[in-house]
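Peer 1: Quick one: structure below, then a few questions.
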Ligand code: SAH
Ligand code: SF4
């Protein structure tokens, strides 16, 4: 859905499916699949049952071929195979961090790339999913915003990120005991509310009781502040909300999160007030990236508390140490400063934990996305080539 106005993006949609013209089954809701089966001649009475069977194989057993769907007759399997595809994006790079974080660089049908990151904790496993290739919003401290190529991911491509992670984590056959991806955060590349329809569709497939069946309470959508879409997100998707605040006065926020020029802090916080379903046990998360000398003073901390109290928001604050990238004008605040900021906010009764960076060794932390990993791969390759050359040289010398 396009939002009119100068700051809003004209985003390319994905190229239609693959050369074989088959439909990717992962992006279809149960109703859509059922409808397509009826159109293809499956009797209406059978179509609901077939849909449930197919979903069971795909989302509970992880099969990627219709031939493996043992309880479906051969004829129907052939029909399914002629209409649909159960594909996965190509994993062009998978990196495993020392701390258990896994980062997948994925390539879609049209050659576009996006990342998904899995972050294991003691009591949960969180998958950070991308909603767009690149991002149009150019937040000054975010590397994704510097990427040129931007397009919306389709519902299929969003659901597929989850399936790739589940394959890699050996989640099949899926069960409540075996679940590794227990939570989802829409905090990868892109602004999810600029790709509302596809994000909504994908999350409904992920939440469906016959599908992956992830509770909406375990899903968080992060927005930089697309105010006109926030209420709809709450009503039509109903997941937890995170807001990228990052500054407490409009002058600073205009600079670091430029969408603020269109939807300033006051409008953003009013939209938060209207977000349905929030209360003390279901708070809105305010993300706050700590930028040295920009937004990290005691005054900023107190203003943050003042704002959240003024709007009477059930809120928690996540303090994110800034992850630097080459060419960035910003630096991360010192640990002492971050700790002092956190303590000040806590002292005023608002939870403000410091989010420890994960997967830094594989460039998987917030804002260290695709182009960075490509550079890393390139530099690793150069280092390897150099090592080979040196070994060769040594051999020749011997
Ligand atoms: N586009 C969405 C979600 C993706 S970014 C949004 O902006 O909310 C997830 C979080 O990481 C956001 O709060 C974002 O502002 C923050 N972030 C981006 N780049 C960062 C960096 N280099 N260091 C720390 N946090 C960063
Ligand atoms: Fe886009 Fe979010 Fe990065 Fe801003 S912080 S450029 S909205 S991905």
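Peer 1: Contact order normalised by length for the range 230-283, with contacts defined as Cα pairs under 8 Å and 6 or more residues apart; what percent is it?
Peer 2: Numbers: 34 pairs, mean separation 24.9, N = 54.
Worked out over the range 230-283, it gives 46 percent.
Peer 1: If you don't mind, there's one more thing I want to ask. By how many nm would the segment from residue 82 to residue 336 grow when fully extended, if each residue of separation counts as 0.36 nm and the alpha-carbon distance is taken off? Don't skip to the end; give the middle numbers.
Peer 2: Numbers: separation 254, 0.36 × 254 = 91.44 nm, distance 6.12 nm.
So the extension gain works out to 85.3 nm.
Peer 1: Moving on to the next point. What do you get for the angle between helix 196-207 and the principal long axis of the chain? Use alpha-carbon atoms, 0 to 90 degrees, nearest ten.
Peer 2: 70
Peer 1: Based on alpha-carbon positions alone, could you give the equivalent ellipsoid semi-axes of the chain from the gyration tensor, as √(5λ), descending, whole Å? Each step should come with its number before you reach the end.
Peer 2: Values: eigenvalues 273, 170, 74 Å².
Taking √(5λ) for each Cα gyration eigenvalue gives 37, 29, 19 Å.
Peer 1: Can you give the relative contact order of the chain as a percent, counting alpha carbon pairs under 8 Å and 6+ residues apart? List each step's numbers first, then the result.
Peer 2: Details: 695 pairs, mean separation 56.4, N = 398.
Rounded, it is 14 percent for the chain.
Peer 1: Using helices alone, what [θ] at 222 nm do you get for the chain, with -39,500 (n - 2.57) per DSSP H run of 4 or more residues, divided over all residues and rounded to the nearest 500?
Peer 2: Numbers: 11 runs with 135 residues, N = 398.
Roughly -10500 deg cm²/dmol at 222 nm, from the helical runs in the chain.
Peer 1: Using the 10 angstrom Cβ neighbour count as an exposure proxy, how do 52, 87, 281 rank, fewest first?
Peer 2: Fewest-to-most Cβ neighbours within 10 Å comes out as 281, 52, 87.
Peer 1: How big is the C-alpha Rg of the range 27-85 next to the rule-of-thumb value 2.2 N^0.38 Å, as a ratio? List each step's numbers first, then the result.
Peer 2: On the way: Rg = 10.3 Å, N = 59, 2.2 N^0.38 = 10.4 Å.
Compactness ratio reported: 1.00.
Values in this text are rule-based calculations from the coordinates and carry no lab data. All values derive from a computational prediction rather than experimental measurement. Cβ coordinates were reconstructed from backbone atoms using ideal geometry, including for glycine residues, and neighbour counts include every protein chain displayed.
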